[in-house]
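The values are calculated or read from the model by the stated rules, or taken from the named source; none is laboratory data. Just so we're clear, the structure is a prediction, and the values are computed from it rather than from any experiment. Neighbour counts are summed over all protein chains in view; Cβ atoms, including those assigned to glycine, are modelled from backbone coordinates with ideal geometry. Ligands, DNA and RNA are stripped out before the accessible areas are found, and what is left, the full protein with its side chains, is counted by its heavy atoms. Shrake-Rupley method; radii C 1.70, N 1.55, O 1.52, S 1.80 Å.
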Amino acid sequence: MTQSSSHRRPSLFDALLPIVVLVALLAAAVYLFGDSASSGPNQIALLLCAGLASLIAFKNGMSWRDIETAMIKGISVALGAVLILLSVGALIGTWRLAGIVPSLIYFGLELMNPALFYAAACLICAIIALSIGSSWTVAATVGVALIGVANGLGLSLPVAAGAVVSGAYFGDKISPLSETTNLAPAVAGSDLFEHIRLMLWTTVPSIVIALLIFLFMGFNAEVAGDTVDRIRPLLAGLDNQFHISFLHLIPLLVLLVLALKRMPALPAIFLGALLGGVWALLFQPEAIAAQAGVAQADLAASLKVVWQTFYGGITVETGDGALNDLLSGGGMASMLNTVWLILCAMTFGAVMEHAGLLARLIEGLLAAVKGAAGLIAATLATCLGSNILTADQYISIIMPGRMFREAYEKEGLAPVNLSRALEDGGTITSPLIPWNTCGAYMQSVLLVPVTDYLFYAFFNLINPLLALVYAWLGIKVLRLTPPGAGGFPPRPSTKPL
């Protein structure tokens, strides 16, 4: 941002101080609160550091009015993503009530085969994470069950954990229901579905390579025990709670068609949520009655349950805690903590940007960067470094996104290149770092140390490397086309560099 001549240029110490303090506070948050650090502590750390950055801006001659205006403008950048996230919460709730998510889980578990355990575990986690948009939920439910199956079969727990993490993060990364998948394009200024389509070029080959490795390892593993005996209780629990049918995959197909037709994300996802509500009324009267707490729900009670599901999600009681966690949740309220984190992070980033602190931080780095490939490589490295230093995947997306957005514009690169790099370098690497909230969480639920499964999370290792190769070879690196005669803004060109 161009600064007034009355504003002093920030020093390198000015730029580094808020970052150093933020890293210290985030480390303290992880130490004190563990995997709950993103549920309040990190937000406070971000606001405190936004205040520190504001004081530095005052010192350099800026007024509070300018800083406040920058904060509001920074937050406004994320408002589109906030609306999408609220719609995603509604969709998650109605799709669980409608039996769409339970059907996907059911059919995924039926794919299990002892001789193909590692690949099947990865594929099942990928399918379920794609359907619910949460790697954490998948790991804590299906992932825990699969680790138990691996233990019973005498298979390697680190390899099994690597398969779970690989599948969970693949599905999470390309799911339009995922918080990070919505966050990255919001920060970069790209479209959600354009972002997902471009990510497929790096994620699909990465998961295919990972599955082939898991297949090879599975064929050479010694298996003992009966997988079916361990999976059967989960299948029975799903069947008891919901009507399971391939008909319940129709709303998912509708959403995919809308995405392929390039309908904007917000109306597409909200229409998907509405369709989930209709599906629940048509096919899940028993589940609706259970939510209403009655033997049989009339029309008014059924409508009330569906209405509540949009904002409050559902609560399922099966007698199995893991299954309850897998099937319960959703609703707009479930996204409020993430919205809170986004608003705080965008506030911090806006002050850092307006005060010239971000520009001061990266000017040395950008001076050494040559061309589009170097810029993408620098983004990937910065996201990984942010995951290591800040211990939070959301911040590893937001902070580099704010830092590099202007540089991508100057280089003539479409914003979708930045959003893909943020996910390739930020989302994917977060569970590979033991002190990161994602790594700490995976270790706590799978009971396998990050240092043990690290080298078997093949998707998470391959994806950033493949993204780097694509950048240097110029594969699917999109340029902005010039504005048209009618004055329309630049649009991404499908022509690679």
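Given the conditions (1) farther than 30 Å from GLY272 by Cβ; (2) open to solvent by less than 30 Å² (accessible area, probe 1.4 Å), which single one is not true for VAL88?
Here VAL88 meets the rest and fails (1).
Conditions first: (1) at pLDDT 85 or above; (2) of a type outside the set (Val, Ile, Thr); (3) out of contact with any strand residue (DSSP E or B) (no Cβ under 6 Å at 6 or more places or on another chain); (4) at positive phi. LEU432 passes all but one, so which condition is the exception?
Of (1) at pLDDT 85 or above; (2) of a type outside the set (Val, Ile, Thr); (3) out of contact with any strand residue (DSSP E or B) (no Cβ under 6 Å at 6 or more places or on another chain); (4) at positive phi, only one is false for LEU432: (4).
For segment 19-41, enumerate the residues that are closer than 11 Å to PHE348 by Cβ and touching a Phe, Trp or Tyr at 6+ places or on another chain (Cβ under 8 Å).
Correct list: LEU22 only.
Within the bounds of segment 92-99, is there any residue that is of a type outside the set (S, T, N, Q), touching a helix residue (DSSP H, G or I) at 6+ places or on another chain (Cβ under 8 Å) and closer than 25 Å to VAL204 by Cβ?
yes
Going by what's in this entry, would ARG65 be described as under 28 Å from GLU353 (Cα atoms) and either open to solvent by less than 60 Å² (accessible area, probe 1.4 Å) or out of contact with any His (no Cβ under 6 Å at 6 or more places or on another chain) (or both)? It would help to see each step written out before you state the result.
Details: under 28 Å from GLU353 (Cα atoms): yes; either open to solvent by less than 60 Å² (accessible area, probe 1.4 Å) or out of contact with any His (no Cβ under 6 Å at 6 or more places or on another chain) (or both): yes.
For ARG65, the condition - under 28 Å from GLU353 (Cα atoms) and either open to solvent by less than 60 Å² (accessible area, probe 1.4 Å) or out of contact with any His (no Cβ under 6 Å at 6 or more places or on another chain) (or both) - is met.
Would you tally the residues in segment 292-318 being more than 31 Å from the chain's Cα centre (by Cα), part of a loop (DSSP other than H, G, I, E, B) and not β-branched (Val, Ile, Thr)?
5
Residues THR347, THR338: which one is within 30 Å of ILE100 (Cβ to Cβ), among the polar types (S, T, N, Q), in contact (Cβ under 8 Å) with a residue 40 or more places away in the chain and open to solvent by less than 20 Å² (accessible area, probe 1.4 Å)?
Only one candidate passes the filter, namely THR338.
Within segment 187-198, can one find any residue that is within 15 Å of GLN393 (Cα to Cα) and at pLDDT 85 or above?
Among the residues of segment 187-198, at least one is within 15 Å of GLN393 (Cα to Cα) and at pLDDT 85 or above, which makes the answer yes.
If PHE246 passes every condition in (1) at pLDDT below 90; (2) of a type in the set (Phe, Trp, Tyr); (3) open to solvent by less than 60 Å² (accessible area, probe 1.4 Å) but one, which one does it miss?
Exception for PHE246: condition (3).
Test VAL416 against the criterion of being over 12 Å from TYR169 (Cβ atoms), modelled with pLDDT of 90 or more and among the β-branched types (Val, Ile, Thr), and give yes or no.
The answer is yes for VAL416.
Could you please tell me which pairs satisfy a Cβ distance under 9 Å, a separation of 6+ or placement on different chains, a first residue in segment 395-416 that is within 14 Å of LEU357 (Cα to Cα), and a second residue that is open to solvent by 10 Å² or more (accessible area, probe 1.4 Å) and of a type in the set (Asp, Glu)?
Taking only residues 6 or more apart or on different chains, the pairs are ARG402/GLU353; MET403/GLU353; GLU406/GLU353.
Quick grid of which residues meet (1) closer than 30 Å to ALA161 by Cβ; (2) surrounded by 20 or more Cβ atoms within 10 Å (Cβ to Cβ); (3) at pLDDT 90 or above; (4) out of contact with any Asp or Glu (no Cβ under 8 Å at 6 or more places or on another chain):
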residue	(1), (2), (3), (4)
VAL228	yes, no, no, yes
GLY237	yes, yes, no, no
PRO251	no, yes, no, yes
GLN284	no, yes, yes, yes
VAL305	no, yes, yes, yes
ILE314	yes, yes, yes, yes
GLY319	yes, no, no, yes
ASP325	yes, no, no, yes
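Among the helices (runs of 4 or more DSSP H) confined wholly to segment 355-419, which include 3 or more residues that are surrounded by 24 or more Cβ atoms within 10 Å (Cβ to Cβ)?
Once the helices (runs of 4 or more DSSP H) in segment 355-419 are filtered for at least 3 residues that are surrounded by 24 or more Cβ atoms within 10 Å (Cβ to Cβ), what remains is 371-390, 393-411.
In segment 192-202, is there at least one residue being in contact (Cβ under 8 Å) with a residue 24 or more places away in the chain, open to solvent by 30 Å² or more (accessible area, probe 1.4 Å) and aliphatic (A, V, I, L, M)?
The answer is yes; a qualifying residue exists.
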